[in-house]
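Enquirer: I'd like to ask some things about the structure below.
The values are calculated or read from the model by the stated rules, or taken from the named source; none is laboratory data. Keep in mind that this is a model prediction, so the values were computed, not measured. Cβ coordinates were reconstructed from backbone atoms using ideal geometry, including for glycine residues, and neighbour counts include every protein chain displayed.
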Amino acid sequence: MQKSAEFYVNEYGVDEAKTIPILQAIQADYGYLPIKLMQEVCEKSNIHYNRMYGVATFYSQFNLTPKGKNIIRFCAGTACHVKGAEKLIIAVSEELKIRVNETTSNGLFSLETVACLGCCSLAPVMMINDKVYGKMTIAKVKEILMDYKQHHGQ
Amino acid sequence: MDNKDKTIIRVGLGTCGISAGANDVYDAFKEAIAGTNLTLEYTSCNGMCFREPIVDIILKDRIISLSNVSCGEVPRLINEILNNKIIDSEDNDFLVMQNRIVLENCGHINPDKIDDYLAKEGYQALKKILLDILPEQVISEVKSSGLRGRGGAGFPTGLKWELARNSKSNEKYVICNADEGDPGAFMDRAVIEGDPHRVLEGLAISGYAIGAKYGYVYVRAEYPLAVKRIKQAIEDAQNRNLLGNNILGLGFNFFIKVKEGAGAFVCGEETALIASIEGKRGMPTLKPPYPAESGLWGYPTNINNVETLAAIPWIIRHGADKYANFGAEKSKGTKVFSLAGQISKGGLVEVEIGMSLRKIIYEIGAGTSSGKPVKAVQLGGPSGGCLPESMLDTPVDYESLLAKGAIMGSGGIVVMDVDTCMVDIARYFLAFTQKESCGKCTFCRLGTKRMLEILERITLGEGRESDVESLIDLASKIGASSLCQLGKTAPNPVLSTLKYFKDEYIEHIVNKKCRARSCKGLINYKITNKCIGCHLCTKACPAKAINGEIKEKHQIIPDLCIKCGICESVCKFEAIYHE
């Protein structure tokens, strides 16, 4: 559901303190932060656009360009690193023909790394959208990706 | 409730359980119990991550715990339960040596049911203080418990509360810091997912003690389940008048809001966290003024970590003395550690402060998962350090660890066996802090970048003789010239590995050798005569660096090989090795 600038201002308020909740809501609805929409929100609220842009580019959760339908986040935490997460990232990168922080040309997947998902005992860990997968191996990752290609496509 | 005679099947649905497939197991049980008199329940993580998915069968007289349950087993298990033939699949060695205070309810209650928490003396501590304990008395109780901040710095909690209480202001705030960013630490996530009301109760008590009406829980956005459960808990507590106006009719007003972080490690730092709640870039500010004087919106603010707050209700219920009976001289009580890395039994371990690392790793964690010797232990995340195997007898308390060059930090213990390269670990942490530096202080922003470049070239086999000296020089400057702890402590992983594993740096630089055989620039993959030409590796190789006819021995083309090691891990004939 794509909503207008008015909606976010009415829903969350006009103060600077609402910058992050507003951006989080926009990102949840649009999948990214459209610059024009951010400008419109600022015109209708007390938030300065330069401040909002500063926040949008500071936090790793936000992105200014569209992402894929499914976001794959590989945990790059210490435990996962020690357990060979890097190999898996290379394998996925190859499987999807994209590098980290890129999106597949069909818009189905984006590949990212994340500091730590807090499932260290099940390392290496991968998250697709909100779902976490533990004890990953190259074979398991490929199987899961295949499943997403078949069932979570367009 | 008349659940006493019923047999209850309880599935652990924490993030870790779910990632091991617990949701599917839960659904399978749901389907399978139809038509029986069995009841299905869920709980969160009990810290035994190595056994996930965990299913407890609560019988009339005892509880049976099943490990690593898969969907396929469910019909058989139901059959066994109904015919009284079910047997425990695991001994509980992991728990015997633990003293569970903060984790006492984790894995035992349904986190989404406030009644479960109330049945475990939940909110009794809040009620007790509201009835007949003055805020000053609460503070003195917390002070005499000896509780220290569990987020990392170890500042005495009671003293922190006193400073905020003594700040004169009409408005004050309390914040629960659940921005658990240290890679390798997950106790805060487990506590919020498993026992969210305990955190709310602790926060409300801190609000009463310092005189605040509003509290925030600042949770990482990477923990969606924790966010969901804490929000549910706030709603339920408000409905029972355990939060909100005139709590329990005892005249105390207290409201809690949840703020979701947006992915910035530095926001675990108090002043950066406050900036983030205010809707700004999460950049730290100079202290003083401390948040106790001027924090959120300029008002006195007290910030405590999840684990610290979760200990509070227990301390109030059982008394400070009982808490202070646990622990070491200067570090009282218990601490939750997350045991991870190359360890057999990884998970959450809550023990008396002062237990030795050796005991935690070998007696509770059952040694390395690979069976190989421990090489080092990384403590305290990116601000911490690596201790070698020879120092495993170090008691785990704030002072002893600091003296050895590590820190207690938030309690992450990552075990590394002999296949881990210490230079690579230092590089890994520097890459982390470099990426997470907010950019405010020049040395942190640029110094970490220079250190990372040096470490990268060492691991690529291009190290220079002057590199070790440059690293030490940069480390001292970054430490001295950074505003917040992120920068001040960023060089620690490098300094501690240089202190205990200098040989490995020298080997990389001078001999171009990585003894753990893990640094890509210093290893080569080879195929032996065991190769039967099955093509598995050629298909798996992302760089198309292996060629050979089917049923004939394959070769690796060195110029194309990116040394990812995938070929070695897919080969079923042990025909590929690296040296």
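Enquirer: Filter region B:303-330 down to residues that are within 19 Å of B:MET355 (Cβ to Cβ), surrounded by 15 or more Cβ atoms within 10 Å (Cβ to Cβ) and either under 20 Å from the mean Cα position of the chain (by Cα) or acidic (Asp, Glu) (or both), then give me how many there are.
Expert: 2
Enquirer: Does region A:29-42 contain at least one residue that is of a type in the set (Asp, Glu) and either within 9 Å of another protein chain (Cβ to nearest Cβ) or in contact with a helix residue (DSSP H, G or I) (Cβ under 7 Å, 6 or more places away or on another chain) (or both)? Before the answer, list the steps.
Expert: So in region A:29-42, the residues of a type in the set (Asp, Glu) come out as A:29, A:40.
From what's left, either within 9 Å of another protein chain (Cβ to nearest Cβ) or in contact with a helix residue (DSSP H, G or I) (Cβ under 7 Å, 6 or more places away or on another chain) (or both): A:40.
Yes - at least one qualifying residue is present in region A:29-42.
Enquirer: Checking the condition aliphatic (A, V, I, L, M), over 30 Å from B:VAL306 (Cα atoms) and part of a loop (DSSP other than H, G, I, E, B), which residue from B:ILE86, B:ILE81, B:ILE109 passes?
Expert: Every option except B:ILE86 fails the conditions.
Enquirer: State the number of residues belonging to region B:468-512 that are over 30 Å from B:LEU273 (Cβ atoms) and either crowded, with 20+ Cβ neighbours inside 10 Å or hydroxyl-bearing (Ser, Thr, Tyr) (or both).
Expert: Residues that pass the stated criteria total 9.
Enquirer: For region A:1-94, give me every one of the helices (runs of 4 or more DSSP H) that falls completely inside it and has 2 or more residues that are under 30 Å from A:LEU122 (Cβ atoms) and modelled with pLDDT under 95.
Expert: A:19-30, A:78-82
Enquirer: Being more than 23 Å from B:LEU522 (Cβ to Cβ), surrounded by 16 or more Cβ atoms within 10 Å (Cβ to Cβ) and within 12 Å of another protein chain (Cβ to nearest Cβ) is the filter here, so list the residues in region B:542-579 that pass it.
Expert: Answer for region B:542-579, where residues must be more than 23 Å from B:LEU522 (Cβ to Cβ), surrounded by 16 or more Cβ atoms within 10 Å (Cβ to Cβ) and within 12 Å of another protein chain (Cβ to nearest Cβ): there is none.
Enquirer: Then there is this: Go through the residues of region B:266-280 one by one and say whether even a single one is crowded, with 24+ Cβ neighbours inside 10 Å, assigned to a helix (DSSP H, G or I) and charged (D, E, K, R).
Expert: Yes: region B:266-280 contains one or more residues that are crowded, with 24+ Cβ neighbours inside 10 Å, assigned to a helix (DSSP H, G or I) and charged (D, E, K, R).
Enquirer: Quick check on region B:9-17. Is at least one of its residues in a loop (DSSP other than H, G, I, E, B) and in contact (Cβ under 8 Å) with a residue 60 or more places away in the chain?
Expert: Yes, some residue in region B:9-17 is in a loop (DSSP other than H, G, I, E, B) and in contact (Cβ under 8 Å) with a residue 60 or more places away in the chain.
Enquirer: Now for a separate question. B:ILE192 is checked against (1) among the hydrophobic types (A, V, I, L, M, F, W, C); (2) closer than 27 Å to B:ASN492 by Cβ; (3) in a helix (DSSP H, G or I) and fails just one. What number does that condition carry?
Expert: Of (1) among the hydrophobic types (A, V, I, L, M, F, W, C); (2) closer than 27 Å to B:ASN492 by Cβ; (3) in a helix (DSSP H, G or I), only one is false for B:ILE192: (2).
Enquirer: Among what's in region B:233-249 and is under 20 Å from B:ILE133 (Cα atoms) and surrounded by 14 or more Cβ atoms within 10 Å (Cβ to Cβ), pick the residue that is farthest from the chain's Cα centre (by Cα).
Expert: B:LEU248
Enquirer: Search region B:164-179 for residues being in contact with a strand residue (DSSP E or B) (Cβ under 9 Å, 6 or more places away or on another chain) and assigned to a helix (DSSP H, G or I), and hand back the single one that is surrounded by the fewest Cβ atoms within 10 Å (Cβ to Cβ).
Expert: B:ARG165
Enquirer: Shifting gears a bit: How many of the residues making up region B:540-558 are touching a strand residue (DSSP E or B) at 6+ places or on another chain (Cβ under 8 Å) and in a loop (DSSP other than H, G, I, E, B)?
Expert: Total satisfying the criteria: 5.
Enquirer: Kindly establish whether B:ASP182 is outside the structural domain of B:PRO493 (by TED's automatic domain parsing) and crowded, with 24+ Cβ neighbours inside 10 Å.
Expert: yes
Enquirer: Only residues that are closer than 15 Å to B:ASN492 by Cβ and within 14 Å of another protein chain (Cβ to nearest Cβ): list them for region B:437-454, please.
Expert: B:SER437
Enquirer: Something else about it: Looking at region A:42-93 only, could you name the residues that are buried (at least 17 other Cβ atoms within 10 Å of the Cβ), polar (S, T, N, Q) and closer than 18 Å to B:VAL266 by Cα?
Expert: Residues satisfying the conditions are A:SER60, A:GLN61, A:THR78.
Enquirer: Run down B:ALA272, B:ALA292 and say which single residue is more than 19 Å from B:GLY211 (Cβ to Cβ) and either in contact (Cβ under 8 Å) with a residue 24 or more places away in the chain or out of contact with any helix residue (DSSP H, G or I) (no Cβ under 7 Å at 6 or more places or on another chain) (or both). Before the answer, list the steps.
Expert: Numbers: B:ALA292 fails: more than 19 Å from B:GLY211 (Cβ to Cβ).
Only one candidate passes the filter, namely B:ALA272.
Enquirer: Okay, next question. Out of the residues in region A:111-132 that are surrounded by fewer than 24 Cβ atoms within 10 Å (Cβ to Cβ) and either more than 7 Å from chain B (Cβ to nearest Cβ) or among the aromatic types (Phe, Trp, Tyr) (or both), which is nearest to B:PHE429 (Cα to Cα)?
Expert: That would be A:THR113.
Enquirer: Quick one: which residue in B:CYS537, B:CYS561 is without any contact (Cβ under 8 Å) to a residue 40 or more places away in the chain and assigned to a helix (DSSP H, G or I)?
Expert: Among B:CYS537, B:CYS561, only B:CYS537 is without any contact (Cβ under 8 Å) to a residue 40 or more places away in the chain and assigned to a helix (DSSP H, G or I).
Enquirer: Among what's in region B:379-426 and is at the interface with chain A (Cβ under 10 Å from one of its Cβ atoms) and assigned to a helix (DSSP H, G or I), pick the residue that is farthest from B:ALA153 (Cα to Cα).
Expert: Among residues in region B:379-426 that are at the interface with chain A (Cβ under 10 Å from one of its Cβ atoms) and assigned to a helix (DSSP H, G or I), the one farthest from B:ALA153 (Cα to Cα) is B:ASP424.
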